[in-house]
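**Q** Got a structure here, written out as structure tokens. Questions coming.
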Amino acid sequence: MIIDTHSHIYMDEDYPDDKAEVVERLKAAGVGKVILPNVDLSTIPQMHALADTDPDLFSCAMGLHPTEVKEDWQSVLDEMFTYLPQRKYCALGEIGIDLYWEDDFKDIQIKAFEQQVDVAIQNDLPIIIHQRKALDECTASLKKFDKSKLHGVFHCFTGNIHEAEQMMKLGDFVLGIGGVVTFKNAGVAAAVKDIPLDRIVLETDAPYLAPVPKRGQRNETAFIAYTAAKVAEIKEMDVDAVADATSKNAMEMFGL
């Protein structure tokens, strides 16, 4: 069994007509569980709708994506937090700081991130962290909290082994390895070789970052099989052993 710890296959704009087929393909690929992280207020109904079609297959995470943090972030978070008592969520996510395109909203991204981390701690939930060109900022924010209460995933890990070690020292964190590990010049493979297997979970970030040989296409959860195979190649292990180990990591982290 493989667990996809990060997929947005619920999004109507990217999967307008074929969600059922996407789900059938992921099952055929051996995926036994999919975590659906939220993006903003508009994506909550879509996320819940897909999760409700198969609660044993799908688990939801509630959060405000950093690129969606705008001037109204506080009222958005207040509304999001009202959902937490209504149903079971496996994490707060995806949350974080993204300074790739611009840093105009940097200060409020940091505030929104820290508030969501605090709520995750209050609810004993892991966090799914999106950081892009913002590792120093994320590190500074996380260091404000009790390290023993921090746990979760650094989603879409694309760094080197030194950055991996920095992330793992901030709390009980694992690293989300996705399709980028299959990209020839990405450099992630070198880090993955040295990251302990018990600190790795697999993800797709569908519809983004499809792995080789599907690179450039719309990504979907079934393609996680290519990522698992690449990690197995890097680690010089059997792919089933990688699938089992990373799934065990995910189950323990998210309480699945």
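The values are calculated or read from the model by the stated rules, or taken from the named source; none is laboratory data. What you are looking at is a predicted structure, and each value in this text was computed from that prediction instead of being measured. When we count neighbours, we look across all protein chains shown, and the Cβ atoms used for this are built from the backbone with ideal geometry, even at glycine. The accessibility values were calculated without ligands, DNA or RNA, using every heavy atom of the protein model including side chains. Shrake-Rupley method; radii C 1.70, N 1.55, O 1.52, S 1.80 Å.
**Q** Would you check which residues across the range 95-149 are open to solvent by less than 30 Å² (accessible area, probe 1.4 Å) and over 19 Å from VAL39 (Cα atoms) and list them?
**A** Within the range 95-149, LEU135, THR139, SER141, LEU142 meet the criteria.
**Q** Give me the pairs, please: first residue somewhere in the range 1-29 and open to solvent by 80 Å² or more (accessible area, probe 1.4 Å), second residue anywhere and assigned to a helix (DSSP H, G or I), beta-carbon distance under 6 Å, and either six or more positions apart or on two chains.
**A** Qualifying pairs under 6 Å: MET1/SER247; ARG25/ALA222.
**Q** Output the residues belonging to the range 86-100 that are over 19 Å from GLN122 (Cα atoms) and of a type in the set (A, V, I, L, M).
**A** If the condition is that a residue be over 19 Å from GLN122 (Cα atoms) and of a type in the set (A, V, I, L, M), then ILE97, LEU99 are the ones that fit.
**Q** Further question: Which pairs do you get when a residue that is over 22 Å from ILE127 (Cα atoms), found in the range 230-256, comes within reach of a residue that is open to solvent by 80 Å² or more (accessible area, probe 1.4 Å) and of a type in the set (Lys, Arg), reach meaning Cβ atoms under 8 angstrom, with the pair 6+ apart or on two chains?
**A** Here the result reads ILE234/LYS193; LYS235/LYS193, each pair linking the range 230-256 to a residue that is open to solvent by 80 Å² or more (accessible area, probe 1.4 Å) and of a type in the set (Lys, Arg).
**Q** Determine if the range 168-180 includes at least one residue that is assigned to a helix (DSSP H, G or I) and surrounded by 24 or more Cβ atoms within 10 Å (Cβ to Cβ).
**A** yes
**Q** Looking for something of a type in the set (Val, Ile, Thr) and under 23 Å from ALA232 (Cβ atoms) - is there at least one such residue anywhere in the range 110-130?
**A** At the first step, the residues of the range 110-130 found to be of a type in the set (Val, Ile, Thr) are 110, 117, 119, 121, 127-129.
Filter once more, keeping what is under 23 Å from ALA232 (Cβ atoms): none.
Within the range 110-130 (the criterion being of a type in the set (Val, Ile, Thr) and under 23 Å from ALA232 (Cβ atoms)), the answer is no, since none of the residues qualifies.
**Q** Return the residue satisfying two criteria in turn: it lies in the range 69-85 and is of a type outside the set (Ser, Thr, Tyr) and under 16 Å from GLN122 (Cβ atoms), and of such residues it is most open to solvent (accessible area, probe 1.4 Å).
**A** Quick first cut of the range 69-85, residues of a type outside the set (Ser, Thr, Tyr) only: 69-74, 76-81, 84-85.
Checking the rest, the ones that are also under 16 Å from GLN122 (Cβ atoms) come to 77-78, 80-81, 84-85.
Values: LEU77: 0, ASP78: 81, MET80: 2, PHE81: 42, LEU84: 31, PRO85: 115 Å².
Among them, the one singled out is PRO85.
Conditions tested, residue by residue: (1) farther than 21 Å from VAL22 by Cα; (2) free of Cβ contacts under 8 Å to residues at least 12 places away in the same chain.
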{"site": "PRO126", "(1), (2)": "yes, no"}
{"site": "LEU135", "(1), (2)": "yes, no"}
{"site": "HIS151", "(1), (2)": "yes, no"}
{"site": "HIS155", "(1), (2)": "yes, no"}
{"site": "THR158", "(1), (2)": "yes, no"}
{"site": "PHE173", "(1), (2)": "yes, no"}
{"site": "GLN217", "(1), (2)": "no, yes"}
{"site": "THR227", "(1), (2)": "no, no"}
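**Q** Residues VAL34, VAL39, VAL119: which one is within 22 Å of ASN249 (Cβ to Cβ) and among the hydrophobic types (A, V, I, L, M, F, W, C)? So that I can check it myself, show each step before the final result.
**A** Numbers: VAL39 fails: within 22 Å of ASN249 (Cβ to Cβ); VAL119 fails: within 22 Å of ASN249 (Cβ to Cβ).
Sole residue among the options that is within 22 Å of ASN249 (Cβ to Cβ) and among the hydrophobic types (A, V, I, L, M, F, W, C): VAL34.
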